[in-house]
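Notes for the one structure printed next.
The values are calculated or read from the model by the stated rules, or taken from the named source; none is laboratory data. This is a predicted model, so every value here is computed, not measured. Here the Cβ positions follow ideal geometry from the backbone for every residue, glycine too, while neighbour counts run over all protein chains shown.
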Amino acid sequence: MGVETVDGFSGHADRQGLENFVKTMNPRPEKVLCVHGDEQSVQDLSSALYHDYNMRTFAPKNLETFRFK
């Protein structure tokens with residue numbers, strides 16, 4: 001694993017800013033984890049990305065873990 005710098009991304013973007021960021025990614029990611037914000041907002045963003053961009057999305061619950069390979 002390594003650390004990557006992502007130009008054009010703000011961790012403080014609103015939903016529209018995050019959706020625009022995903023829309024301009026090339027190539028688009030196959031999977032997206034939505035992990036920061038209140039539960040309903042995270043679920044809504046995850047659902048929108050799934051429906052609008054046909055990508056696998058996850059909105060884990062508090063303290064839920066994911067293993068990356």
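A few points about this structure:
- The listed residues are G11, G37, and the only one of them that is loosely packed, with under 10 Cβ neighbours inside 10 Å and either aromatic (F, W, Y) or at pLDDT below 90 (or both) turns out to be G11.
- Pairs linking a residue in region 19-31 that is over 17 Å from S41 (Cα atoms) to a residue that is part of a helix (DSSP H, G or I) and among the aromatic types (F, W, Y), with Cβ atoms under 9 Å and 6 or more positions apart or on different chains, are K23/Y53; R28/Y53.
- Any hit, region 57-65, residues being farther than 22 Å from H12 by Cα, of a type in the set (D, E) and more than 10 Å from the chain's Cα centre (by Cα): yes
- Subset of region 12-47 [over 15 Å from A59 (Cβ atoms), assigned to a helix (DSSP H, G or I) and of a type in the set (K, R)]: K23
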